[in-house]
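In what follows, a single structure is set out as structure tokens and then discussed.
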Amino acid sequence: MRTHGRRQSAVPSHRRVSGPAVNGLSQHDVTARVESGLDNRVPDKTSRSLWQIFRANVLTLFNAIVGTSFLVLLLLGRWQDALFGLAALGNAVIGVVQEFRAKRSLDRLAVLDAPRARVLRDGQIREIATADVVRDDVLVLRAGDQVTADAAVLEAAGLEADESLLTGESDPVDKDTGSDVLSGSIVVAGHGKARVVRVGSESFASRLTADARRFSLVNSEIRNSLNRVLRWIAWAILPVAVLVVNGELQARDGWQNAIATGSWAEALVGVIASVIAMVPLGLVLLTSVAFAVGGLRLAGHKVLIQELAAVEGLARVDVLCMDKTGTLTEGGLRFDAVHQLTGAPDPGWQQALGWFAAEPEANTTARSLGDAFEDDGGFQSISYVPFSSSRKWSGVTFGGSNGSTPTWILGAPEMILAPGNRTPPLPAFGSEADSPGAPPRALASGNAGVLAQAGELAGAGLRTLLLAGADGLPGSGKTATLPDGLRPVALLTFREQPRTDARETLEFFRAEGVELKIISGDDPRTVAAIARRVGLEVSEGFDARSLPEDPVLLEQVMETNTVFGRVSPDQKKDMVAALQRLGHTVAMTGDGVNDALALKTADLGIAMDSAAPATKAVARLVLLDGRFDRLPEVLAEGRRVIANIERVSSLFLSKTAYSIAIAVSFGLLQWQFPFLPRQLSFTDGLTIGIPAFFLALMPNTRRYKPGFLRRSLWFSLPAGLIVAGSLLVLNAIATAAVVREPAPDAVRSASVLTLSIVGLWILAVVSRPLNAGRLGVLGAMSVALVALFNLPLAQDFFILSWPPSELLLPALVAGAVGGLAIELLAWLHGRKFPR
């Protein structure tokens, strides 16, 4: 029977625990703690709560302005002019419903993909939901786990935790018996047991969730740009409103007369119309809807979005960093062959390999040895150093080995045989075999010969490990040192199968102008060979042990190399940061716990389905079915969102620009504002609101280019001035002697006609290139304009009619000239910002 006592010696006898620590809590104990509220339930913030969604879509500054204006008009008995309130309410409802639908879908996926906790109960190890952990539970910790609650270590065997997400310190911390391990920290080496001492809101879990998940907001150019514009508009509203108030009252024979005759109420309606026109009500709504629908679409493709704004992230990425294992390759390793290095190897080497394969904390590479080497249970360890991605080796010392070599080291050849490790020269003979016991085939002499042979194997795309024997004990903890007198015994090779979708996906990204970087902990020659198998043109990989510490030199290395091997977790993070300093937008894919820091640092972290819980927690996207070819779909969705929001933002910002320009110019000229609020609702719906909703959700594959806000404003501001100029000319003609005392309603109707013509022209320009869908939207809006001008019910409600002949021709000419000016602006915009 296999002996599991090999690790017990890592814990001195006087510090070993017994009793409840051996069997864990009973079901009765668990029930009692749950009833007392001592469980680990905290709010799951993988998406916004319903209240947060409601607050973001309803309780805003601009909705407060709209709501106040709506109530004022109702008090004045002008409910017909309060239509914008219903439109704003509809916008808010649509926004809440769309994001809540996306939330439900994403939350269901999050529940299916939620990390689990491993606990000891009734003497058995069970995996449970993190929320079901209770105080005094015994956590069974293994490498790759994210600690789910604050706990005190009961047993430890080489246990190391990365607390960088909590403290910012990236160095792993040794966790001995009696020390605390905090929720949110990541087990990077060893194993152990720990008793939970703090749960729920008392622990670090909620802070980690807030920091690492949805609300550690991803950098969104769209969101940042729109927030900046909204701040500008908020500052402009009050002074413009004051100017319009004065202009309206002066146009009615002064303040005193307006107050005495009651015409101030009509003036107030004009003021409200000017203020409401400045507010881009639908822009924020459509941005939220576009993100929500994007998240919903990707959920249908088995892509979990941890934050909706991350939908745009991959579309902005110009460098994609990938881990090899689990991303370019399928993640599973197959043992290939043993290449013996001595004719008479140390006794017990095959049993030692079986022990490494059966070790519960063994990594994927070591576990794959189990098919060729069996652990007969005859060895009992007295000291064990678990594998660590930083040192890249593990070691064990056996007791009572009956003449066998007491200590065995398994790891990367160049790490074990690094300069300074004193190893005796090998005899000038050896053997290489495809399996244990096969006939001799090759020679290796000394460390140089072993490393040369390992290099040849790695260059063929094989992962290579070295098994070495020794007589001394290896050190322990994160500063574990190799014993003296290492004797290389055998090189072990493993094969990885590249993903079938890797070549096509990488070709897609190269064609889209995305630079590719492969960053792996394996031998750089192995990584380069795999890269060539998936279609990358690389000659050799860069050994990360030679990476410069100087940030500037590191940036140069990152810019000039594609494949990197022997990369430590800290180096992965530093390499991503170096690319960001060069101005790149960086995405990082990975599945191992050693990728978590790099994913957290990257602009967009992408975790595979097989990723460790800690890695998934910090990722922005999780590929739930592990298909690498999902990334082009994410890129396409991000491009659709960015390109369409830029398209509709030009509509909304043009409206804001001409609204401010009209309000300021008419206020200074002391003319009456040329529209009623209901008429602006009419034009907004036809030229902006309805078409923008369809445009925001249509397919769009245009490549992302930085400078979204600059491009939008470069078009929108001049377009707004063109609209305002057209209306100023029309109203100047209306007040001139050539038109004898036109009725105010006739002037308003002419102004609505001119605004609609130029607005539809702007719509046609921003919809280009026109396809059947966009042409259909444009045609429908044009037909609706003509129909509403001729429907008696619409004429009565909106106070619209065809202007008299002396105003109709100027209105049409002003609209046509304004449209031609928009056409010229579009040509200039295209020259300055070619697509």
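General remarks:
- Any hit, segment 757-766, residues being over 20 Å from D684 (Cβ atoms), modelled with pLDDT of 90 or more and of a type in the set (A, V, I, L, M, F, W, C): no
- In summary, A794 fulfils each of the numbered conditions (1) open to solvent by 40 Å² or more (accessible area, probe 1.4 Å); (2) of a type in the set (A, V, I, L, M); (3) closer than 22 Å to L727 by Cβ; (4) modelled with pLDDT under 90 with the single exception of condition (1).
- Only a single item in (1) open to solvent by less than 10 Å² (accessible area, probe 1.4 Å); (2) at pLDDT 85 or above is not met by M608, and it is number (2).
- Scanning segment 521-534 for residues that are modelled with pLDDT of 85 or more and in a loop (DSSP other than H, G, I, E, B) returns a single hit, V534.
- Number of residues in segment 543-556 that are out of contact with any Pro (no Cβ under 6 Å at 6 or more places or on another chain) and open to solvent by less than 20 Å² (accessible area, probe 1.4 Å) equals 1.
- Evaluating A732 against the criteria (1) free of Cβ contacts under 8 Å to residues at least 60 places away in the same chain; (2) farther than 20 Å from E248 by Cα leaves one unmet condition, (2).
Residue by residue, here is whether (1) within 28 Å of I272 (Cα to Cα); (2) polar (S, T, N, Q) holds:
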{"residue": "R678", "(1), (2)": "yes, no"}
{"residue": "L686", "(1), (2)": "yes, no"}
{"residue": "L697", "(1), (2)": "no, no"}
{"residue": "P706", "(1), (2)": "no, no"}
{"residue": "S712", "(1), (2)": "yes, yes"}
{"residue": "V723", "(1), (2)": "yes, no"}
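Listed here are the residues, each with its yes/no results for (1) under 30 Å from D176 (Cβ atoms); (2) assigned to a loop (DSSP other than H, G, I, E, B).
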site: L482; (1), (2): yes, yes
site: V489; (1), (2): no, no
site: R495; (1), (2): no, no
site: T500; (1), (2): no, yes
site: R503; (1), (2): no, no
site: L506; (1), (2): no, no
site: G513; (1), (2): no, yes
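Let's see how each residue does on (1) buried (at least 17 other Cβ atoms within 10 Å of the Cβ); (2) outside any loop (DSSP other than H, G, I, E, B); (3) at negative phi:
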site	(1), (2), (3)
F666	yes, yes, yes
Q672	yes, no, yes
D684	yes, yes, yes
I688	yes, yes, yes
P699	no, no, yes
S712	yes, yes, yes
L727	yes, yes, yes
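- Boolean, A814 is open to solvent by less than 30 Å² (accessible area, probe 1.4 Å), over 30 Å from A736 (Cα atoms), of a type in the set (A, V, I, L, M, F, W, C) and at pLDDT 90 or above: no
- Filter result (in a loop (DSSP other than H, G, I, E, B) and either within 21 Å of K705 (Cα to Cα) or modelled with pLDDT of 80 or more (or both)) within segment 215-241: V218, N219, S220
- Here F84, F70 are screened, and the one residue that is modelled with pLDDT of 75 or more and surrounded by 20 or more Cβ atoms within 10 Å (Cβ to Cβ) is F70.
- Test: residue in segment 546-567 that is closer than 26 Å to D145 by Cα, part of a helix (DSSP H, G or I) and at pLDDT below 90: no
- Filtered residues of segment 285-314 (kept if more than 15 Å from F100 (Cα to Cα) and open to solvent by 10 Å² or more (accessible area, probe 1.4 Å)): G300, H301, K302
- Number of residues in segment 366-405 that are surrounded by fewer than 22 Cβ atoms within 10 Å (Cβ to Cβ), assigned to a loop (DSSP other than H, G, I, E, B) and modelled with pLDDT under 85: the value is 15.
- Take the conditions (1) open to solvent by 30 Å² or more (accessible area, probe 1.4 Å); (2) modelled with pLDDT of 75 or more; W255 misses just one of them, which is (2).
- Selected residue (criterion: surrounded by the most Cβ atoms within 10 Å (Cβ to Cβ)) from residues of segment 489-520 that are modelled with pLDDT under 90, under 28 Å from L369 (Cβ atoms) and small (G, A, S): S520
The values are calculated or read from the model by the stated rules, or taken from the named source; none is laboratory data. Bear in mind the structure is a predicted one, so any value in this text is a computation, not a measurement. For neighbour counting, all protein chains shown are included, and Cβ atoms are generated from backbone atoms with ideal geometry for every residue, glycine included. Quick note on the areas: whole protein, heavy atoms, side chains included, nothing else; ligands and nucleic acids left out. Shrake-Rupley method; radii C 1.70, N 1.55, O 1.52, S 1.80 Å.
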